[in-house]
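Enquirer: A single structure is presented below for examination.
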Amino acid sequence: MILPIILYKNKILRKKNKNIRLKKNLNKIIKNMFETMYYYKGIGLSAPQIGKNINLFIISINNKKMIFINSKIIKYSKKKIISNEGCLSIPNFYANIKRNKLIKVEYYDNKWEKHNKIFKNNLSIIYQHEYDHIKGKLIIDYLN
Ligand SMILES: [Zn+2]
């Protein structure tokens, strides 16, 4: 099911996003999120963008579907990179954002297996963008 995307002026995007109870069945919401993300041609989508204030986001790069539940960034590299980013919640807007090149993360996948990983470059950037959504932050917040 394709869901409407919550736009940047909506306070839902600024609310706290709660960690999800372990082993909760998220199959339906994850399926709907992928359908919605692909429909709008996004590469990442967070739960608050479809009106759910929970710590869940998805990413699709190189035809690989990735699911991140109860995410946390443990460590950031000092080295930064500039990325030109858009956001499905802010149509027709792009900005250069300074991101950390590498991040060390912790999350659960959709089978509730826990992962500790280091992400770099593109995946690091997209992860940081979606993780910002979980923290109630948007790319417009980086502008002066
Ligand atoms: Zn976004």
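The values are calculated or read from the model by the stated rules, or taken from the named source; none is laboratory data. Bear in mind the structure is a predicted one, so any value in this text is a computation, not a measurement. With ideal geometry, Cβ positions are generated from the backbone for all residues, glycine too; neighbour counts draw on all protein chains shown. With ligands, DNA and RNA removed, areas are computed over all heavy atoms of the protein, side chains included. Shrake-Rupley method; radii C 1.70, N 1.55, O 1.52, S 1.80 Å.
Enquirer: Quick one: would you say K80 is in contact (Cβ under 8 Å) with a residue 12 or more places away in the chain, in contact with a Lys or Arg (Cβ under 9 Å, 6 or more places away or on another chain), closer than 24 Å to I118 by Cα and away from the ligand (no atom under 16 Å from the Cβ)?
Expert: Spelling it out, K80 is indeed in contact (Cβ under 8 Å) with a residue 12 or more places away in the chain, in contact with a Lys or Arg (Cβ under 9 Å, 6 or more places away or on another chain), closer than 24 Å to I118 by Cα and away from the ligand (no atom under 16 Å from the Cβ).
Enquirer: For the stretch 23-34, check the following and say yes or no: at least one residue is part of a strand (DSSP E or B) and within 16 Å of the chain's Cα centre (by Cα).
Expert: No: zero hits.
Enquirer: Hey, among the residues in the stretch 82-92 that are touching a Phe, Trp or Tyr at 6+ places or on another chain (Cβ under 6 Å) and small (G, A, S), which one's surrounded by the fewest Cβ atoms within 10 Å (Cβ to Cβ)?
Expert: G86
Enquirer: Another question about this same structure. Which residue pairs have Cβ atoms closer than 7 Å, lie 6 or more positions apart in sequence or on different chains, and pair a first residue in the stretch 118-131 that is within 11 Å of the ligand (Cβ to nearest atom) with a second residue that is among the hydrophobic types (A, V, I, L, M, F, W, C)?
Expert: Partner pairs satisfying both residue conditions: I126/I43; I126/I59; I126/I61; Q128/I103; E130/F57; E130/I59; Y131/I73.
Enquirer: Tell me which residues, restricted to the stretch 71-81, are open to solvent by 60 Å² or more (accessible area, probe 1.4 Å) and not aliphatic (A, V, I, L, M).
Expert: Across the stretch 71-81, the qualifying residues are K72, K75, Y76, K78, K79, K80.
Enquirer: Taking the condition of being open to solvent by 80 Å² or more (accessible area, probe 1.4 Å) and in a strand (DSSP E or B), how many residues in the stretch 93-144 meet it?
Expert: Final tally of qualifying residues: 9.
Enquirer: So, in the stretch 39-54, how many residues would count as being more than 11 Å from the ligand (Cβ to nearest atom) and closer than 12 Å to I12 by Cβ?
Expert: 6
Enquirer: Filter the stretch 12-46 down to the residues that are of a type in the set (A, V, I, L, M), surrounded by 13 or more Cβ atoms within 10 Å (Cβ to Cβ) and farther than 14 Å from Y131 by Cα and list them by number.
Expert: Correct list: I12, I20, L26, I29, I30, M33, M37.
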